[in-house]
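**Student:** My questions all concern the structure below.
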Amino acid sequence: MNRKDELKIGLISSIDDEIIETQTKKRIRLLRKNRYSRKKLIGWSGAAACLLLSLSALFIMLIPMRQVPVYEGMTVSNSDPSEQLLWSAPEVGARAALLSASKHQASGEILGGTRAELLQSNERETTDKPEKKPPHGNRLEQSLVEGTNRTLYYAKQNEDIYITIHLNNPSAFEILSFTLNGTKYQSYMFEKGSDSEALILKVNVGDAQGVVEYTIDAIKYVDGDEIKNVRMDGDKVVRVGVCPQEQPTVTVTDWEIDYKAIGFRAALSDSLELIELSGGSLWAYLYDGELAVASQELSARNTQGAGVRFSELVPGKEYRCEIVAHYDALDGEGFGSYLLYQKNIRAKSHVRITNVQKTDHVNLGFDVVAEEGFAGEIQRVELLDSLGHTVKTGDANTRSFLELSLGSYTVRVTYAYGEANAEVGYAYAQDPVVIDSFGSITRILKTGTISRGYNEELQVYFPTTEDYRVHLGVDLVATDSNETAVFAAFGGIVSEVSVGTVVITLPDNAIELIYRNLGEISVKAGDAVVAGQQLGVVGATLETEAAEPPHVHIELRIQGEAKDPMTYFEKEPPADRLP
């Protein structure tokens, strides 16, 4: 290319650059102008949108809010729900605390505890159920919604119960139906008193036993032309305990009795697993009188028989074995303690008491026999009444007790044995001896005979008052004028002395023998007298009988009730009654 051509090309390039620069400046000015117009348009559009949103919010606020109904839970009633008388057990936490308190350990707090402290009780409604010890819980009133389903409700077999479905429904939507245990219930099936927030349904529990669960699902409500589901926030299940006829039982076998230990096997029968279901427990207790001295927990799953053994006993001493279940019997009384088995048992003794018998109406005799090779020694012999109180005490050689009163008696021997005779054992008569007579009436008057008998209903003539009246006693006259002394028919305490009257009392047996119409009296109140001790002499001090020949009037009261004294004396031919 020559020089001329190069100059032409340079000129053309410079022209093109100027044109491009000029056009570029024009374009920038146009873009700036359009950008301002758009900003102005966007500003106006934003303002309009804010105004529209504000108006919409104001419009929405003026329209009433409609809230979706929410399910909160169920409660159960045994009667009209408006009364809200529910059989409700304690809360789970309270039940657990009671269970913990009842699980005493043999080496812990059970030792020294009394039976009343260990057992709670009440009368059972059904004879098939075990005995319950002092009431532990009663029917509780319950009106709160149990949305967490911590309460167990109670019913009897074939009883009608009322299940109340609780809703939060402030917009009062119409509830159309709900499904309970797979069965659909329409609104027309609800009980009277139902409304948009409480749906009441009557259900019969039938012949179910144990715990029955009621599960709710799919509650439907009407919203305009649509059928919708209620929101389910509450627990969907309530549990009802139906009191079963079949309660836990225990069978005890294979007794082993030694001098200082006893053992047996105990098999539990609990087909409905009530003990385990309620988180309960099964215990074997050993009592010395009312004092619990040992315990052993048994398995609530035990069906084959668990071994129980109590040791460190006193030879010959009587104990009581009890098997107690702590559980909820589903009877509406809550968690309680139930006696399933009890038996009195004696540890083996080195000494026996034999040939215990009455030698006459008021005396008894017996023999004491020691085992072959027995190296111990007899310490004392005692006579116990029906309450276990010692009424007479003898030494090692005592073989009889005399002048007894009415009652049931047991002979007990205390002996020492072991190394240096350092241990103590007991022997008890196998069967008690019953004294049912005061002996002959001549124990009161040596030559006494009956002049007027006991008449509780038939009125007899009284010469002193010259009228007819009942005679709640027996009159004795002395056939020998030199034998007018009056003696105690049995020993006891002089509980009362007044004009012509002495009352002798046996406190343990609640027996009073009253001697009236006495002349001189030779005892005073508070004296302890023995059978055959003189109390006074016959006289004429009883106002209603003072005009009759001197005699002693005898009355008998047992447990405060008047009795015919001759029922408890040996019979003798009565003399002719006075006119």
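The values are calculated or read from the model by the stated rules, or taken from the named source; none is laboratory data. Computed from a predicted structure; not experimentally measured. Don't worry about glycine lacking a Cβ; one is built from the backbone with ideal geometry, like all the others, and counts go over all protein chains shown. These area figures cover heavy atoms from the full protein model, side chains too; ligands, DNA and RNA do not enter into them. Shrake-Rupley method; radii C 1.70, N 1.55, O 1.52, S 1.80 Å.
**Student:** Please compute the net charge surrounding ASN344, taking Lys and Arg as +1 and Asp and Glu as -1 over other residues with Cβ under 9 Å from its Cβ.
**Tutor:** Surrounding charge for ASN344 is +2.
**Student:** Leaving ligands, DNA and RNA out of it, rank THR465, THR479 by accessible area with a 1.4 Å probe, largest first.
**Tutor:** THR479, THR465
**Student:** Something else: Over segment 139-285, give the accessible area per residue in Å² for a 1.4 Å probe, as an integer.
**Tutor:** For segment 139-285, the solvent-accessible area averages 48 Å² per residue.
**Student:** Rank ARG352, ARG239, ARG301 by accessible area, highest first, at a 1.4 Å probe radius?
**Tutor:** ARG301, ARG352, ARG239
**Student:** Could I ask something else about it? Using protein chains only and a probe of 1.4 angstrom, how many square angstrom of VAL494 are accessible, to the nearest 10?
**Tutor:** Per-residue accessible area (VAL494): approximately 0 Å².
**Student:** Follow-up question, since we're still on this one. Could you give the Stokes-Einstein D for segment 183-279 in µm² per second, using the C-alpha Kirkwood radius, 20 °C, 1.002 mPa s?
**Tutor:** 116
**Student:** Taking 30 Å as R0, compute the FRET efficiency from the Cβ-Cβ separation of ALA546 and HIS361 and round it to 0.05.
**Tutor:** E between ALA546 and HIS361, to the nearest 0.05, is 0.35.
**Student:** Oh, and also: Report the extension gain between ALA422 and VAL70 in nm, rounded to one decimal, defined as 0.36 nm multiplied by the number of residues separating them, less their alpha carbon distance.
**Tutor:** Difference between extended and current length: 119.0 nm.
**Student:** Is there a pair in LYS156/LYS343; LYS156/LYS228; LYS260/LYS358; LYS260/LYS343; LYS358/LYS446 whose C-alpha atoms are over 25 Å apart, and which pairs would that be?
**Tutor:** Long pairs (Cα-Cα over 25 Å): LYS156/LYS343; LYS156/LYS228; LYS260/LYS358.
**Student:** If you take the square roots of the eigenvalues of the alpha-carbon gyration tensor of segment 421-491 and sort them as a ≥ b ≥ c, do you get rounded (a/c under 1.5), prolate (a/b over b/c) or oblate?
**Tutor:** prolate
**Student:** Within segment 404-485, which GluC sites (Glu not before Pro) sit in a loop by DSSP and count at most 11 neighbouring Cβ atoms inside 10 Å?
**Tutor:** Passing sites in segment 404-485 are GLU466.
**Student:** Using the Cα atoms as the points, what is the convex hull volume per residue of segment 370-513 in Å³?
**Tutor:** In segment 370-513, the Cα convex hull volume per residue is 163 Å³.
**Student:** Right, next: Assuming R0 = 25 Å, what is the FRET efficiency of LYS348 and THR390, from their Cβ-Cβ distance, to the nearest 0.05?
**Tutor:** 0.60
**Student:** Provide, in order from the shortest bin, the percent of all Cα-Cα pairs of segment 255-333 in each 10 Å bin, continuing until the bin that contains the maximum pair distance.
**Tutor:** Once binned at 10 Å, the Cα pair distances of segment 255-333 give 17, 44, 27, 10, 1.
**Student:** Any idea what the alpha-carbon Rg over 2.2 N^0.38 Å comes to for segment 234-373?
**Tutor:** 1.45
**Student:** I need the fraction of alpha carbon pairs in segment 152-232 separated by more than 15 Å, rounded to a whole percent.
**Tutor:** The answer is 59 percent, as a whole percent.
**Student:** Which of the listed residues, VAL413, HIS389, VAL460, is farthest toward the dipole's positive end in segment 388-470, when Lys, Arg count +1 and Asp, Glu count -1 at the beta-carbon?
**Tutor:** So the residue we want is VAL460.
**Student:** For Cα pairs less than 8 Å apart in space and 6+ apart in sequence, what is the mean separation divided by the residue count of segment 453-533, i.e. the relative contact order in percent?
**Tutor:** Computed value for segment 453-533: 25 percent relative contact order.
**Student:** Assuming 0.36 nm per residue, please report the length gained on full extension of the stretch THR253 to VAL460 beyond their Cα-Cα distance.
**Tutor:** Length difference between fully extended and current span is 68.4 nm.
**Student:** For TRP283, TRP255, give me the order by solvent-accessible area with a 1.4 Å probe, most accessible first, ignoring ligands, DNA and RNA.
**Tutor:** Heavy-atom accessible area, descending, gives TRP255, TRP283.
**Student:** For segment 395-460, report the % of Cα-Cα distances exceeding 20 Å.
**Tutor:** Of the Cα pairs, 59 percent sit more than 20 Å apart.
**Student:** Give the accessible area for CYS243 in Å² (nearest 10); use a 1.4 Å probe, count only protein heavy atoms, and leave out ligands, DNA and RNA.
**Tutor:** For CYS243, solvent-accessible area is about 20 Å².
**Student:** To continue, here is another question. Taking the full set of protein chains and a 1.4 angstrom probe, give the accessible area of ASP207 in square angstrom, rounded to the nearest 10.
**Tutor:** Only protein atoms counted, so the area is about 120 Å².
**Student:** Rounded to whole Å and sorted largest first, what semi-axes of the equivalent ellipsoid does the C-alpha gyration tensor of segment 287-370 yield via the square root of 5 times each eigenvalue?
**Tutor:** Each semi-axis is the square root of five times an eigenvalue, giving 38, 18, 11 Å.
**Student:** Okay, next question. Under the definition of Cα pairs under 8 Å and six or more residues apart, what whole-number percent is the relative contact order of segment 325-403?
**Tutor:** Computed value for segment 325-403: 21 percent relative contact order.
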